[in-house]
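Notes follow once the structure below has been shown.
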Amino acid sequence: IAKVPADAKDAFGFPSTAVPLKDALIALDSLNRAGGGGGALPWGVTEPELQALDDRAAAEVALLLGVDLGDGADPDEILRLAAGPLVADVLAGLDAAARGAPRLRLLSGHDTTVKPFLVALDLYDRRWPPFCACIIVELLRRKADDALAVRILYNGKTAATASAAA
């Protein structure tokens, strides 16, 4: 965060007094938007520094969950556990849809919800979810053999395909 020039802090809305998590999340969102197209990151920020910022934000989220990563806890395991209720809800929705329940369910969350969900799905690419990140979980039925399959899209791109047990 120290590398971000004062005028950029103003442009991206960094508050002058903010909690570390909020600073980290605002910086991650700003950097991901600026460097998300595969170009260079702004302000001389390096990929290792961006990863360190991501790790700091993950540690702050873990602290909110009551886990101190300084105790040797695996951050990905903590995030998987944190996503458990959401994963259970999504699986219940898929199961209900397989039995003919309503076909559309819309859930909404924040980047601090999206990241643990991506970790739980083994889809996290070590980059903080961008602003307006979107995960779509589809239950599809093949016409050829009536088998069910799940397709996951992350920000409009197919992220994974797996067979679903009906």
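The values are calculated or read from the model by the stated rules, or taken from the named source; none is laboratory data. These numbers come from a predicted model, not from an experiment. In this analysis, Cβ positions are derived from the backbone assuming ideal geometry, glycine residues included, and neighbour counts consider all displayed protein chains. All accessible areas refer to the heavy atoms of the entire protein, side chains included, with ligands and DNA or RNA removed. Shrake-Rupley method; radii C 1.70, N 1.55, O 1.52, S 1.80 Å.
Give the residues of region 91-119 that are within 12 Å of V137 (Cα to Cα), in a helix (DSSP H, G or I) and in contact with a helix residue (DSSP H, G or I) (Cβ under 8 Å, 6 or more places away or on another chain), sorted by residue number.
F117
Here are Y154, Y124: which of them is of a type in the set (S, T, Y) and modelled with pLDDT of 90 or more? Show your work before the answer.
Numbers: Y124 fails: modelled with pLDDT of 90 or more.
After ruling out the rest, the residue left standing is Y154.
Of everything in region 113-149, what is in contact (Cβ under 8 Å) with a residue 40 or more places away in the chain and surrounded by fewer than 17 Cβ atoms within 10 Å (Cβ to Cβ)? Give them in sequence order.
Passing the criteria: R126, P130, F131, L148.
Output yes when any residue across region 91-112 is β-branched (V, I, T), free of Cβ contacts under 8 Å to residues at least 40 places away in the same chain and surrounded by 12 or more Cβ atoms within 10 Å (Cβ to Cβ), and no when none is. Full working, then the answer.
From region 91-112, those β-branched (V, I, T) are 112; that's our starting set.
Next, from what is left, pick out any that are free of Cβ contacts under 8 Å to residues at least 40 places away in the same chain: none.
No, the conditions are met nowhere in region 91-112.
Does A88 meet the test of being open to solvent by less than 60 Å² (accessible area, probe 1.4 Å), in contact (Cβ under 8 Å) with a residue 40 or more places away in the chain, more than 8 Å from the chain's Cα centre (by Cα) and closer than 23 Å to A149 by Cβ? Spell out the reasoning first.
Working: open to solvent by less than 60 Å² (accessible area, probe 1.4 Å): yes; in contact (Cβ under 8 Å) with a residue 40 or more places away in the chain: no; more than 8 Å from the chain's Cα centre (by Cα): yes; closer than 23 Å to A149 by Cβ: yes.
Taking the combined requirement at face value, the residue does not satisfy it.
Is it the case that G70 is out of contact with any Asp or Glu (no Cβ under 6 Å at 6 or more places or on another chain), surrounded by fewer than 16 Cβ atoms within 10 Å (Cβ to Cβ) and either within 21 Å of T158 (Cα to Cα) or modelled with pLDDT under 80 (or both)? Reasoning before the result, please.
On the way: out of contact with any Asp or Glu (no Cβ under 6 Å at 6 or more places or on another chain): yes; surrounded by fewer than 16 Cβ atoms within 10 Å (Cβ to Cβ): yes; either within 21 Å of T158 (Cα to Cα) or modelled with pLDDT under 80 (or both): yes.
The answer is yes for G70.
Just wondering, is there one or more residues in region 152-164 that are open to solvent by 90 Å² or more (accessible area, probe 1.4 Å), farther than 30 Å from E47 by Cβ, touching a residue at least 12 places away in the same chain (Cβ under 8 Å) and not in a loop (DSSP other than H, G, I, E, B)?
Among the residues of region 152-164, at least one is open to solvent by 90 Å² or more (accessible area, probe 1.4 Å), farther than 30 Å from E47 by Cβ, touching a residue at least 12 places away in the same chain (Cβ under 8 Å) and not in a loop (DSSP other than H, G, I, E, B), which makes the answer yes.
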